[in-house]
Amino acid sequence: MSPQPPLLSVEDLTVTFTGRGRTDVRAVSGVSFDVAQGQVTGLVGESGCGKSVTSLALMGLLPKKGVTVGGHAYFDGTDLLGLGREQLRDLRGSKLAMIFQDPLSSLNPVIPIGLQVTEILTRHRGLRGDAARKEAALLLERVGIPDPTRRLKEYPHQLSGGMRQRALIAMAVACAPRLLIADEPTTALDVTIQAQILELLKELVDQQGTALLMITHDMGVVAGLCDRVNVLYAGKVVEAAERKPLFAAPTHPYAHGLLGSIPRLDAPRGEPLNPIRGSIQDTIAWSEGCAFAPRCDFYSERCLSGTPELTEPHTAGHRVRCVHPVAPPSKEGADR
Amino acid sequence: MSLLELDDVKVHFPVKRGILFDRTVGHVYAVDGVSLSVTAGQTYGLVGESGCGKTTLGRAVLRLTDITSGSVVFDGTDLAQLPEEEMRRARRRLQMVFQDPLGSLNPRQNIESILAEGMAAHGIGADRAERRERIKEILTKVGLPHSALSRYPHEFSGGQRQRIGIARALVLQPDVIICDEPVSALDVSIQAQVINLLEELQESEGLTYLVIAHDLAVVRHISDVIGVMYLGSLVEEAPSDALYAEPRHPYTRALMSAVPVPDPEVEDRRERILLRGDLPSPASPPAGCRFHTRCPWRQPTRCDTERPALADIGGGHRVACHWAAEIADGSLRPTSELAPPVLVDTGTDGEPGTDPGAGEDTDPGTERKETAAGTPA
């Protein structure tokens, strides 16, 4: 455990979508996790597990109508969820920043890149005119965009996908944020470009001590980048651990199954994959039991007796929400 | 025996400009001279990044996109020369599974009607009842309940929709199925289900696959032979295991080193070859070797003037690089010209430090990055 308190501490976050004449949808139901200073924390899960909604709730970007957000998110002592619009606006872009999955739709198509970058510098750092433009060029250069002065005058469509994501990262780090939330930052990119962007994010964390909350579905990205990982399923953290213990001994049947179902580039050919049965639609409400029970190979009656708690069945710091945790692999059978 | 043989296939799209007169001002060289052969009963995997022409090539085989030149010989007939009507009939034996399962299913047709349409068009089954029996049989094979018949695409999950797409191809009893990114729209746990299904069906139905995908791990898992495409042409082709064990083309090496592996031990040890910049435009591909603008092994001669041919280096391994042999035996090192000497340590476990002695082909003056976390390689 790190001696200093975590930079961001999310406690029992719930997000419920309500619609007229429809049953409420609880996208996030009681998520708690910490993000430590200078570390990369991963939120992993498949579509519909609530990972993106979590990030939007933290940034205060969810619509006010029809959405109920509960719980706390202490960022440096202040509860983000209790802040007013103005206070949030001051935080966003300066101490808190976010990069999104689709760089093209996160940039304004009719405004040159330069103006979009200087806007932030003006708003949060009070830079204007030439000073702002110079700083913007420096930022673009730092994220690896060649010929930054020319690029500043260009529009988003003139940049390639990787370049756009770099521009977005430049905007996000313009004010040296303390926490950067990256929501699937490389999903829309090709693998060689993905490798470039991940390398850039790593450098930012190493050099600036920025805390990074990495939201992704790609276990490979997690394995290479994250320090601590939270696996989400149906709106709850089902497993939380340091990176290496998680991959060496995935303990929740879902995390275990997920890792077993991924084709690996370095695996010998010919072995069939072990997919998880069914789909995310086959879930039950957490109030009735474990949401993963209908797809689980270890299912028993006990799974249906209320929400399982997060426990540490095998090792300290490796928390699992399951009544039938998967036994850790024996020493000699351990990961090759 | 090769069932499908592509010889020097080119697909060029004209770029037009002008209001009154459609002047052709250039071409997009989407596919620019691809030759490959797919053996009956096997899976040929085509990988490459977006814009490399892999999808266009797949569509060109079925002539969903017109071929500019070259031949596509399927079971002895050149599909490129067939008249429209005969081509339509030939498509019974050559089917396609598309990437987006929702976008490729008509939302207003129920599953029975979607599956029966192709059968009616190709005259399979005498009447509705007979077709329905056949469809039920196929639904069982792809793991869908018979109650699916009267339901509509939106009622299914992504994985189930992809099963419907596969069933639609299967009802026609094809010989070859071209799968264009069959699992990229699906979640990983569902991906595995569909991959396993494709493999089972290959076994039971004796199918031949041409799988087009960007995910090297998926392609390696299901393919017997893999072809790597870059900017409209094949740069390397080899049996799946050989390609993984010994990638010879610099692009293949870079691609492989960029694929994240879900294992921290591997990730910490791996050597990354970071490519600089982006894919050049296929409308104005670089002269010489298409990859020379981003290649870490680029040489001052030949690379930018002479286009390398796909040369056989034995064992069914073909590679299009002038310097493949020199790179393989280590006499050629990556040049530092393209990249400043950056050596970043990413010891994520608080054990920073790069061991300069680790890895014999680590050259500090290159953009190769050694990620060592104290684990001996």
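Read the figures in this text as sums done on the coordinates, not as results from a lab. Please read all numbers here as calculations on a predicted model, not as lab measurements. Cβ atoms come from the backbone with ideal geometry, glycine included; neighbour counts cover every protein chain shown.
Odds and ends about this structure:
- Each of B:Ile164, B:Ser2, A:Ser94 was scored by the projection of its Cα onto the charge dipole of the protein assembly as shown, and the greatest displacement toward the positive side belongs to A:Ser94; charges sit on the C-beta of Lys, Arg, Asp and Glu.
- Cα-centred dipole magnitude for the range B:261-345, charges only on beta-carbon of K, R (+1) and D, E (-1), debye, nearest 20: 400 debye
- Assuming charge only on the beta carbon of Lys and Arg (+1) and of Asp and Glu (-1), the dipole of the range A:96-176 about its Cα centre is about 140 debye to the nearest 20.
- J(HN,Hα) series, the range A:116-123, from Karplus relation 6.51 cos²θ - 1.76 cosθ + 1.60, nearest Hz, glycine and proline x: 5, 6, 5, 4, 5, 5, 5, 5
- Coupling constants for the range B:295-311 follow from the phi torsions by the Karplus curve (6.51 cos²θ - 1.76 cosθ + 1.60, θ = phi - 60°), and in residue order they are 7, x, 9, 4, 10, x, 10, 6, 4, 8, 10, 10, 7, x, 8, 6, 9 Hz; glycine and proline get x.
- Relative contact order (%) - the range B:84-184, alpha-carbon pairs under 8 angstrom, separation at least six: 50 percent
- When the helices of chain A are scored as -39500 (n - 2.57) per DSSP H run of n ≥ 4 and the total is divided over every residue, the value at 222 nm lands at -9000 deg cm²/dmol.
- Close amide H partners of A:Gly30, meaning residues 5 or more places away or on another chain with modelled amide H under 5 Å apart, are A:Leu13, A:Thr14, A:Val15.
- Simple Cβ-charge dipole of the range B:1-138, Lys/Arg +1 and Asp/Glu -1, about Cα centre, in debye nearest 20: 400 debye
- Hits among lysines - C-alpha to C-alpha of A:Lys65 under 22 Å, sequence gap 8 or more where chains match: A:Lys51
- Across the range B:176-193, coupling constants 3J(HN,Hα) worked out from phi with the 6.51/-1.76/1.60 Karplus curve, θ = phi - 60°, read 10, 10, 9, 9, 9, 6, x, 10, 5, 8, 9, 5, 4, 5, 7, 3, 4, 4 Hz, and Gly and Pro carry x.
- Residues whose amide H lies under 5 Å from that of B:Gly26, counting only those 5 or more places away or on a different chain, are B:Val15; hydrogens are built 1.01 Å from N in the peptide plane.
- Dipole of the range B:261-345 computed with +1 at Lys/Arg Cβ and -1 at Asp/Glu Cβ about the Cα centre; of B:Pro262, B:Ala309, B:Trp323, farthest Cα towards the positive end is B:Ala309.
- Rg(Cα)/(2.2 N^0.38 Å) for the protein assembly as shown, N = residue count: 0.99
- Restricting the trypsin sites (Lys or Arg not before Pro) of the range A:244-318 to loop positions (DSSP other than H, G, I, E, B) with no more than 14 neighbouring Cβ atoms within 10 Å leaves A:Arg269, A:Arg277.
- Antiparallel bridges, percent of DSSP beta bridges restricted to chain A (to nearest 5): 60 percent
- Taking amide hydrogens as placed 1.01 Å from N in the peptide plane, the amide H of A:Thr307 sits under 5 Å from those of A:Gly289, each at least 5 positions away in sequence or on another chain.
- Chain A: C-alpha gyration tensor shape, a/c 1.5 cut-off, then a/b vs b/c: prolate
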